[in-house]
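Below is one structure, written out as structure tokens, with a few remarks after it.
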Amino acid sequence: MHDPGEDTVATRCAVRREQLGLSREEVARLAGMSVPYLSQLETFSGDFDPAALMRLAAALEMPYDELTEGPREAAPGQQPAGASHLLTRLSEDDCWRRLGTHGIGRVGLTVGPTPVVLPVNFLVDGRTVVYRTEVGGATAADDGGPLAFEADHIDAHVSRGWSVLITGTAEHITDPDVVEALTTRPGARPWAGGTRDLWIRVRPGQVTGRTVQSR
């Protein structure tokens, strides 16, 4: 039997179920397992069927790795700020070097009467940013329409980070040779999955960036 003070799958499961106000019967039904099996899982530490744990994590509305390995580190920005910080503006060359060749960023555009900011995985192509989406999708900016792109990196342990912001216009890439070349590059596979045949190029009007670090 597990020690209630330990941080194990058993205790994490029991604590989360209580937080949600669910009975064992309700969680067992949602996870597609028997009540005795769930009871055993909440009582003993040991090896359990990964597929069952995945269903259980979904029923408890928590990430699988958080159920099996414990709470994640606090999100960047939740740790206390350093005593003194230095804010520095980046040159345009430095901005492009920070962006690297590919990564995860955010696209900002207007949908109807309100602006939205959505994550995308992107590639740097020359002095432009490109990303792929689906026709009519949430990130499918109008050809020639205005948009913004932002990417950043935070290292909360040393209170250091950077941010790059690009404002400009969207361009739909229709040249099949260009599309083929982009599709074969590392990092081109969309994290969101599915068929995403529309490539959009962010044509920069302005590129700005800054760094912040403790001193």
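Can you name the number of the only condition in (1) touching an Asp or Glu at 6+ places or on another chain (Cβ under 8 Å); (2) at pLDDT 95 or above that Asp197 fails?
(2)
Which ones in the range 92-109 are without any contact (Cβ under 8 Å) to a residue 24 or more places away in the chain and of a type outside the set (Asp, Glu)?
As a first pass, look at the range 92-109 and keep what is without any contact (Cβ under 8 Å) to a residue 24 or more places away in the chain: 93, 97.
Residue satisfying the conditions is Arg97 alone.
Contact list please: Cβ distance under 8 Å, first residue in the range 122-141 and within 10 Å of His102 (Cα to Cα) and modelled with pLDDT of 95 or more, second residue in a strand (DSSP E or B) and among the charged types (D, E, K, R), pairs at least six apart or on different chains.
Cβ pairs passing all conditions: Val129/Arg201; Val130/Arg201.
Looking at the range 72-92 only, could you name the residues that are surrounded by 11 or more Cβ atoms within 10 Å (Cβ to Cβ) and modelled with pLDDT under 70?
Scanning the range 72-92 gives Pro76, Gln79, Ala81, Gly82, His85.
For the range 191-214, give me the residue count where each residue is surrounded by fewer than 17 Cβ atoms within 10 Å (Cβ to Cβ), touching a residue at least 40 places away in the same chain (Cβ under 8 Å) and closer than 15 Å to Thr139 by Cα.
Counting residues in the range 191-214 that are surrounded by fewer than 17 Cβ atoms within 10 Å (Cβ to Cβ), touching a residue at least 40 places away in the same chain (Cβ under 8 Å) and closer than 15 Å to Thr139 by Cα gives 4.
Taking the range 173-192, which residues are under 13 Å from Thr128 (Cα atoms) and either at pLDDT 95 or above or out of contact with any Asp or Glu (no Cβ under 8 Å at 6 or more places or on another chain) (or both)?
Kept after step one, since they are under 13 Å from Thr128 (Cα atoms), are these residues of the range 173-192: 173, 182.
Residue satisfying the conditions is Ile173 alone.
Which ones in the range 110-121 are free of Cβ contacts under 8 Å to residues at least 12 places away in the same chain and crowded, with 18+ Cβ neighbours inside 10 Å?
Matches in the range 110-121: none.
Name the one entry in Gly105, Gly137 that is buried (at least 18 other Cβ atoms within 10 Å of the Cβ) and among the small types (Gly, Ala, Ser).
Gly105
Going through the range 149-170 one residue at a time, which ones are of a type in the set (Gly, Ala, Ser), surrounded by fewer than 18 Cβ atoms within 10 Å (Cβ to Cβ) and farther than 15 Å from Gly103 by Cβ?
Step one: of the range 149-170, the residues of a type in the set (Gly, Ala, Ser) are 151, 156, 159, 161, 163, 168, 170.
Narrowing the set further to residues that are surrounded by fewer than 18 Cβ atoms within 10 Å (Cβ to Cβ) leaves 156, 161, 163.
Across the range 149-170, the qualifying residue is only Ala156.
The values are calculated or read from the model by the stated rules, or taken from the named source; none is laboratory data. It should be emphasised that the depicted structure is a prediction, and the values quoted were computed from it without experimental measurement. A quick note on method: Cβ atoms are made from the backbone with ideal geometry, for glycine too, and the neighbour counts reach across all protein chains shown.
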